[in-house]
Amino acid sequence: MLVNNSHNDPELTQRIHNKVGPPFSLIERIKLKGIGSPKLHITSSSIEIHNLLILDNRIKTCRIELRPKGILVGFDVRLERYLLVIPYYKLNLYKGKAEEYSVYIDHYFIKFKASKADKAIHTFVKKILNNKTDHQATHFLDL
């Protein structure tokens, strides 16, 4: 789900919380050793996201935030803030050949650069995959 999150909209906030859960508490953030990614440089994206990104002539970057049931991929276009809301059960994460990662949900995707020297990015991607696995394991046990 791609949404414009520039304005305080309680209905949109509730929809996001229903999809990926509310933000982690301070204690949980400390236990996870942070829930936000470093700045990620976008190399390519799906056409809908690309059409937004070309409106701005700055360097195309995004950040990822962990949530209990998924992730939020946020990027800015001019004065607007957009979020790609991705629950873990729809998240597809790939490591490409050209030192980049790809994050997919349905027909949306964002690819970002991750050279071998960017240890923080690789560590954060492992954290996403671990949280996805933990979430799926607990969800499977609940069934």
Dipole moment magnitude, nearest 20 debye, the range 1-76 about Cα centre, only Lys, Arg, Asp, Glu C-beta charged: 400
Share of pairwise Cα separations in the range 1-136, more than 21 Å, in percent: 40
Candidate lysines - alpha carbon under 19 Å from residue 19, same-chain residues fewer than 8 apart omitted: 69, 90, 132
Fraction of accessible area attributable to carbon and sulfur, the range 33-143 (%, probe 1.4 Å): 56
Simple label model, 7 Å out from Cα along Cβ direction - residue 65 to residue 134, nm: 1.9
Karplus-derived 3J(HN,Hα), 6.51/-1.76/1.60, for each residue of the range 82-98, Hz, glycine and proline x: 10, 10, 9, 8, 10, x, 4, 5, 10, 6, 10, 10, 10, 9, x, 6, 8
Packing-based order for 5-11, 41-47, using average beta carbon neighbours within 10 Å, highest first: 41-47, 5-11
Å² of accessible area per residue within the range 1-131, as computed with a 1.4 Å probe and no ligands counted: 58
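Explain nothing, just the number: dipole magnitude of the chain about its Cα centre with +1 on each Lys and Arg Cβ and -1 on each Asp and Glu Cβ, in debye rounded to the nearest 20.
560
The values are calculated or read from the model by the stated rules, or taken from the named source; none is laboratory data. Just so we're clear, the structure is a prediction, and the values are computed from it rather than from any experiment. Here Cβ is always computed from backbone atoms with ideal geometry, including for glycine, and neighbour counts include all displayed protein chains. These area figures cover heavy atoms from the full protein model, side chains too; ligands, DNA and RNA do not enter into them. Shrake-Rupley method; radii C 1.70, N 1.55, O 1.52, S 1.80 Å.
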